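S.K.: Can you read through this structure? Questions will come right after.
The values are calculated or read from the model by the stated rules, or taken from the named source; none is laboratory data. Only a predicted model underlies this, so the values are computations on that prediction, with no experimental measurement involved. Reconstructed Cβ throughout: ideal geometry from the backbone, glycine too, with neighbour counts over all protein chains shown. For accessibility, only protein heavy atoms count, side chains too; no ligands or nucleic acids. Shrake-Rupley method; radii C 1.70, N 1.55, O 1.52, S 1.80 Å.
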Amino acid sequence: MHWPGRTVKLWWCRNCNSPLLELQCSKCEETGFNVKLAEPGDARFAFKHDVEILRKALIFESGFDVLSKIISSERIILLNKVMYIDDMKEVIVNGVKLGLLFYDVIESEWRFRFSYVGALKALNLGFSKVLRTNGKVSYGDVLTSSSPLPNGSQVIVTYNDDPVALGYVYKNSKVKILRVFKHRDYIEAEGNS
């Protein structure tokens, strides 16, 4: 399904660490890098309330408050609404997509689905719901965790300590793969994490 209108183009200035609506930064004249927005491309700045929802969603996924560790204090957070059954937004921090913030209508809870970069940061902080694999994984694969995991938990699947996929536990520590990381670019504004 595609959005019938045009998707807004967005660039990011590494030097000023700010979003741009044009390729060149009007402040420092540096050329920005492209941030590909999901349709419909309706990005906006995150408000205080949005950041609190994001914090709670990250606590729900990880079990501890990781917001300040994943997102530095010198950050710019954009939320880009995407098509979903309820409310879902891409979370873009300092020009990098960290994941998707969404409302889970079944759990009646805000959740966070990590992108590759978000998963990488979560692993570096000690995210414990990890399933190591020794081979290729595909969308829809079902893997079994050797350690018990609560139903509904998000699991980062790794190969050689690199995140390769996301899965969700659905019963008896069975993990269904719902996202395979194919695009692994890691661009970030200098001096910010």
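S.K.: Among the residues that make up region 121-131, is at least one of them farther than 15 Å from LEU58 by Cα and at pLDDT 90 or above?
M.R.: yes
S.K.: Right, here's the next one. Name every residue in region 131-185 that is part of a loop (DSSP other than H, G, I, E, B) and of a type in the set (S, T, N, Q), in order of residue number.
M.R.: As a first pass, look at region 131-185 and keep what is part of a loop (DSSP other than H, G, I, E, B): 133-141, 145-153, 160-161, 172-173, 181-185.
Once the filter is applied, which keeps residues that are part of a loop (DSSP other than H, G, I, E, B) and of a type in the set (S, T, N, Q), region 131-185 yields THR133, ASN134, SER138, SER145, SER146, SER147, ASN151, SER153, ASN160, ASN172, SER173.
S.K.: Shifting gears a bit: Would you confirm, using the coordinates I've provided, whether SER108 is within 24 Å of SER153 (Cα to Cα) and open to solvent by 70 Å² or more (accessible area, probe 1.4 Å)?
M.R.: yes
S.K.: Cβ contacts < 9 Å: first residue at positive phi, restricted to region 129-156; second residue of a type in the set (Phe, Trp, Tyr), any location; separation 6+ or different chain. Result?
M.R.: GLY152/TYR168; GLY152/TYR170
S.K.: Can you name the number of the only condition in (1) at pLDDT below 95; (2) farther than 27 Å from GLY32 by Cβ; (3) of a type outside the set (Val, Ile, Thr) that TYR139 fails?
M.R.: (1)
S.K.: Filter region 171-188 down to the residues that are modelled with pLDDT under 90 and farther than 20 Å from LEU100 by Cα and list them by number.
M.R.: Pass one, region 171-188, residues modelled with pLDDT under 90: 171-173, 182-188.
Matches in region 171-188: LYS171, ASN172, SER173.
S.K.: Of all residues in region 56-70, which are part of a loop (DSSP other than H, G, I, E, B), open to solvent by 10 Å² or more (accessible area, probe 1.4 Å) and over 23 Å from ILE106 (Cα atoms)?
M.R.: ASP65, the sole residue that qualifies.
S.K.: Limited to region 79-100, what total is found for residues that are surrounded by fewer than 23 Cβ atoms within 10 Å (Cβ to Cβ), among the aliphatic types (A, V, I, L, M) and free of Cβ contacts under 8 Å to residues at least 60 places away in the same chain?
M.R.: 5
S.K.: Can I ask one more? Within region 17-31, which residues are under 19 Å from LEU79 (Cα atoms), surrounded by 13 or more Cβ atoms within 10 Å (Cβ to Cβ) and free of Cβ contacts under 8 Å to residues at least 60 places away in the same chain?
M.R.: First, pick out the residues of region 17-31 that are under 19 Å from LEU79 (Cα atoms): 17-22.
Filter once more, keeping what is surrounded by 13 or more Cβ atoms within 10 Å (Cβ to Cβ): 17-20.
If the condition is that a residue be under 19 Å from LEU79 (Cα atoms), surrounded by 13 or more Cβ atoms within 10 Å (Cβ to Cβ) and free of Cβ contacts under 8 Å to residues at least 60 places away in the same chain, then SER18, LEU20 are the ones that fit.
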